[in-house]
Amino acid sequence: MAAVTVRRAEFDSPFVLELIGELNAELSARYPEEGANHFRLAAGEVAPGHGAFLIAFLDGSAVGCGAVRLIEDGAAEIKRMYTRPAVRGCGVGASLLAALEVEARSLGASRLVLETGDR
C-alpha cells in the first residue's frame with residue numbers, strides 16, 4: 001500500500017472545496033434534522049499563526065482533510081475531519097490527526113478538543 005502524505009492547503013483550493021462538499025453531504029445525510037449541522041470554518045481561522053487546513057493524499061489522489069484552529073491560549077480545536085469512504089481503514093485519518101497534532105503544537109497548543117456527534 002502506498003504511503004499517505006499530508007500537506008497544507010489553501011482554504012479555497014479545489015481539493016479543499018471538493019472534500020468539504022463531500023463532508024457536508026455526509027453530515028447532512030447523517031443528521032438531517034433542521035439545525036443539526038453547523039458547517040462553519042472561516043479561512044482566517046486556518047491562516048498561518050491561527051491554524052492550518054491539511055489535505056491527505058494516497059497514490060497522488062486527495063482522499064481526506066482536516067483543520068486545526070486556535071480557540072484560546074493553549075487550546076486548539078480539530079475541525080472538518082473527513083476521509084473518503086473508499087479509503088477508510090487505510091490509515092488516512094490517523095495520518096491526518098498526527099499532522100494536525102504537530103500543527104497544534106507549533107501554534108502553542110497543549111490541549112486539543114474535538115466536537116463530534118453521536119452518530
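The values are calculated or read from the model by the stated rules, or taken from the named source; none is laboratory data. Note that the coordinates shown come from a computational prediction; the quantities given were computed from them, not determined experimentally. FYI the Cβ positions are ideal-geometry reconstructions off the backbone, even for glycines, and counts take in every protein chain you see. The accessibility values were calculated without ligands, DNA or RNA, using every heavy atom of the protein model including side chains. Shrake-Rupley method; radii C 1.70, N 1.55, O 1.52, S 1.80 Å.
Just to verify a result, which residue in the stretch 73-102, among those that are crowded, with 20+ Cβ neighbours inside 10 Å and of a type in the set (Gly, Ala, Ser), is nearest to PHE39 (Cα to Cα)? Per the criteria, the residue is ALA76.
Matching residues to (1) surrounded by fewer than 18 Cβ atoms within 10 Å (Cβ to Cβ); (2) of a type in the set (Val, Ile, Thr); (3) under 27 Å from ASP118 (Cβ atoms):
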{"residue": "GLU10", "(1), (2), (3)": "yes, no, no"}
{"residue": "ILE55", "(1), (2), (3)": "no, yes, no"}
{"residue": "SER61", "(1), (2), (3)": "yes, no, no"}
{"residue": "ALA67", "(1), (2), (3)": "no, no, yes"}
{"residue": "ILE71", "(1), (2), (3)": "yes, yes, yes"}
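Taking the stretch 89-117 as the range and being at pLDDT 95 or above and among the charged types (D, E, K, R) as the test, the residues that pass are GLU101, GLU103, ARG105, ARG111. Quick check on LEU19: is it in a loop (DSSP other than H, G, I, E, B), of a type in the set (A, V, I, L, M, F, W, C) and under 23 Å from VAL4 (Cβ atoms)? When the stated conditions are applied, LEU19 does not pass them. Within the stretch 22-38, the set of residues being in a helix (DSSP H, G or I) and open to solvent by 100 Å² or more (accessible area, probe 1.4 Å) comprises ARG30 only. Restricting to the stretch 39-77, name every residue that is in contact with a strand residue (DSSP E or B) (Cβ under 6 Å, 6 or more places away or on another chain), within 20 Å of GLY93 (Cα to Cα) and not in a strand (DSSP E or B). Answer for the stretch 39-77, where residues must be in contact with a strand residue (DSSP E or B) (Cβ under 6 Å, 6 or more places away or on another chain), within 20 Å of GLY93 (Cα to Cα) and not in a strand (DSSP E or B): LEU41, VAL46.
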